[in-house]
Each structure stands twice: as C-alpha cells, then as structure tokens.
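Have a look at the structure below, then the notes.
The values are calculated or read from the model by the stated rules, or taken from the named source; none is laboratory data. Owing to the predicted nature of the structure, the values given are computational and were not obtained by experimental measurement. Glycine gets a Cβ as well: all are built from the backbone with ideal geometry, and neighbour counts include every protein chain shown. SASA here: full protein model, heavy atoms, side chains in, ligands and nucleic acids out. Shrake-Rupley method; radii C 1.70, N 1.55, O 1.52, S 1.80 Å.
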Amino acid sequence: MFIGHAMVAFAIAAAVAARYGYSRERALALGIAAGAFATVPDVDMSYAVFGLLKTSVTGVFDATEAFWATSTLVHRVVTHSLLVGALAAVGVAFWSRADAGEWWAYPVAGVVFAGLIAAAFAETGLLGTAVMLAFVVAALAVTIVMRRWKALSSRALFATALVGFLSHPFGDLFTGSAPRLLYPLDVTVLAGRITLYPDPTMHLIGAFLIELATIWLALVVYLSLDGRSLDSYLNRRATLGGGYAAAAVLLPAPTLDTSYHFVFSVLALGAVGVRPRRPTNWALTEARVLDAVVTGLAAITLAVIGYGVVYLAI
C-alpha cells in the first residue's frame, strides 16, 4: 500500500487546499508535501533489509518470505501510531520555523523528537530506537526539502505532515498485521486486519482494488485542479486489460502471502497505456504521460475486476 498512502494524502491535502481557494500550484505543493510525509512511516521496513542479510536464502521467493517475516518485528508498530504522528507533526512545524530563521524553535523541535526516540527506547529497546531515529530523519528530510523547494510555511508543513502521518496507518488495515494506533501506550485498538472477504484470494483482490482506487482519486483531484477530466486521456487500448480474466483459470489462486505472480503480471498490463511515438516526435509531454497513466491504470483495473469475476464463477 506504499503508493496508496501517498495518493490518499496527496488527494486530501490538494482537494482541501483547492476548496479553500488556493491556487493550483499551491494546492499541488501541499498535496506533494502530504504525499511525501505519508511515505515516511514505512521507513520501519529498513530493518528488514538488515535482518535479511543475516538470513540464509536460496531464491527469490525465499528472500521475499524472509524479508516480510523479518519486517514484522517492528513494521506498523513504532512509526504507525497516531500519537507518534501527531507529535512528529508538531516537531516538523517547529523545525521548519527554525529553518526559516527562528533559531529558538530548534530546541523545541529537539525536545519533541528526543521524546519520541526516548519513548521508543523505553517500549521496544534499541530496535525501536533505531526505527524511530530513521523516522525522525526522514520526516526532517521531507520538511527541509518542501520548505526550500516550495517555500511552505511552518503552518502548511504542520498540516501536511499531520495529514500524511495520520492517514498512513488506516491504509494498512487490509493487509498484514494491524498497526498499533496508540503506541507507545499498551492499548489495542484493532486486534487484526480488516477482512474484506472470507476467501483469501478475493480479499487480496479487494485490497488491490482499494489501492487502485486511491490512485484514481489522486488523478481525479490532480486533473480537477485546472478543470480537466479523465476522459481526455483514456484510450480504448485499456480494454485489452479485460483479457487478463483468463488468468483466473491458468494461474494459481493468489493470496496476501503468495501474490507475486498475480501482482507482477497484472501490473505489466499497464504497458498498454504507453503509446508508440513517431521517430520524428520524441517529446515527453504531460499529455503523453497522463495518457499512458490513465489508460494503463484503466487496463489494470479492468484486469483485476475481470479476474475477480471469473474467479468467483469457477
């Protein structure tokens, strides 16, 4: 759901900004900032890379299984808390004020971030401390880049960080383990992930469609900022995605644990969105990119829906 987190945060921030009269450029900047902040909690996956190096694997599937098994030690725990996200957004706001020249704000931001790191150490030891430190560094990197690239104010960065950090955990409710929403408090909000369908394959398809829906939402918001619509970029080549329905008969049924053959093959259908160019015209324009993205995404969506329909029928 990595892409989905960014798309949802982008759509929320950009749509709200446009609703309150911000210019297209400003709304896009706020959306980009929120989307960037929404990816930060997944830095906890970095631990899995180090854990994987200590694991003996013999192939791609063994490596993938070892990676996900290792990641569950801290994934969706330290960085996926609503409390941590809210406090981190406060730290971001003060750091951005200090970066703008108000030096007194550095100690305040330092106290906030140091408190988060100390809480992680007290609750989950050195592993949690390392993950929280990576989270803080990533959050500050986004803060500095967005402040200097798009000149966002501390108030804007606080709001976009809040949207990104607080929306992220809810995108994980359908895959893997449920996030600890109130970490470091010992309070269980959700004991497990939300099941969309009793059949594991249909649950995967439902989760995939939710991910696709977040991308469609971001595209609609992006185009609506200057009055454009999806129809202008949708090509009939997208109907080729419907042929993937036959894969429900030919391929083993995928689940969240064994979804690689399904995910990679269905994503490959997005290539139908790329329109061959004439040798005399190699310019990469926004219209070409949008045509490829919208048409490819439509093909993938049709493929997933078609697969689900055939799977239920057989």
Next item on the list: Provide the gained length on full extension for the span ALA313 to LEU196, in nm with one decimal, where the gain is 0.36 nm per separating residue minus the Cα-Cα distance.
Entry: 40.3 nm
Check: Out of THR124, SER46, TRP149, whose Cα points farthest toward the positive end of the dipole of the chain (charges: +1 Lys, Arg; -1 Asp, Glu; placed on Cβ)?
Finding: TRP149
Next item on the list: Name the residue, out of PHE135, PHE264, PHE37, whose mean-square fluctuation peaks in a Gaussian network model built on the chain with Cα pairs under 10 Å.
Entry: PHE264
Next item on the list: Pick out which of PRO179, PRO200, PRO252 has the largest mean-square fluctuation in a Gaussian network model of the chain, springs linking Cα atoms closer than 10 Å.
Entry: PRO252
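Take the Cβ-Cβ distance between ALA118 and PHE170 as r, set R0 to 35 Å, and report the resulting FRET efficiency rounded to the nearest 0.05.
The computed FRET efficiency comes out at 0.85.
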Next item on the list: Pop the C-beta distance of ILE3 and TRP103 into the FRET formula with R0 = 35 Å and round what comes out to the nearest 0.05.
Entry: 0.40
Notebook entry, point to check: Shape call for the chain from the C-alpha gyration tensor, a ≥ b ≥ c root eigenvalues: rounded (a/c under 1.5), prolate (a/b greater than b/c) or oblate?
Noted result: oblate
Check: How large is ³J(HN,Hα), in whole Hz, for each residue of segment 207-216 in order, when computed from phi with the Karplus curve 6.51 cos²θ - 1.76 cosθ + 1.60 and θ = phi - 60°, using x for Gly and Pro?
Finding: 5, 5, 5, 5, 4, 5, 4, 5, 5, 4
Item checked: Positive-end extreme of charge dipole, the chain - chosen from VAL112, ALA98, LEU185 (charges on Cβ) -> ALA98
Notebook entry, point to check: If contacts are Cα pairs under 8 angstrom and at least 6 residues apart, what is the relative contact order of the chain in percent?
Noted result: 20 percent
Item checked: Value of [θ]222 nm, deg cm²/dmol, for the chain, DSSP H segments ≥ 4, -39500 (n - 2.57) each, nearest 500 -> -21500 deg cm²/dmol
Check: Given the convex hull over the Cα atoms of segment 121-214, what projected area results after averaging over all orientations, in nm²?
Finding: 8.1 nm²
Check: Which one of THR124, THR301, THR214 has the biggest mean-square fluctuation once the chain is modelled by GNM with Cα springs under 10 Å?
Finding: THR124
Next item on the list: Mind giving me the nanometre distance, one decimal, between the label points for SER46 and GLU286, set 7 Å out from Cα along Cα→Cβ?
Entry: 3.4 nm
Check: With every protein chain left in place, what is the accessible area per residue of the chain in square angstrom, probe 1.4 Å?
Finding: 49 Å²
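Suppose every Lys and Arg Cβ carries +1 and every Asp and Glu Cβ carries -1, with no other charges. What dipole size does the chain come out with about its Cα centre, to the nearest 20 debye? Intermediate values should be presented prior to the final figure.
Values: 19 positive and 17 negative charges, 204 e Å.
Here the chain has a charge dipole of around 980 debye.
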Check: When all alpha-carbon pairs of segment 158-314 are counted, what percent fall beyond 29 Å?
Finding: 33 percent
Check: How large is the dipole of segment 135-202 about the Cα centre if only Lys and Arg carry +1 and Asp and Glu carry -1, each at its Cβ, rounded to the nearest 20 debye?
Finding: 480 debye
Next item on the list: Could I have the simple spin-label model distance between LEU230 and GLU25, label points 7 Å from Cα toward Cβ, reported in nm to one decimal?
Entry: 2.9 nm
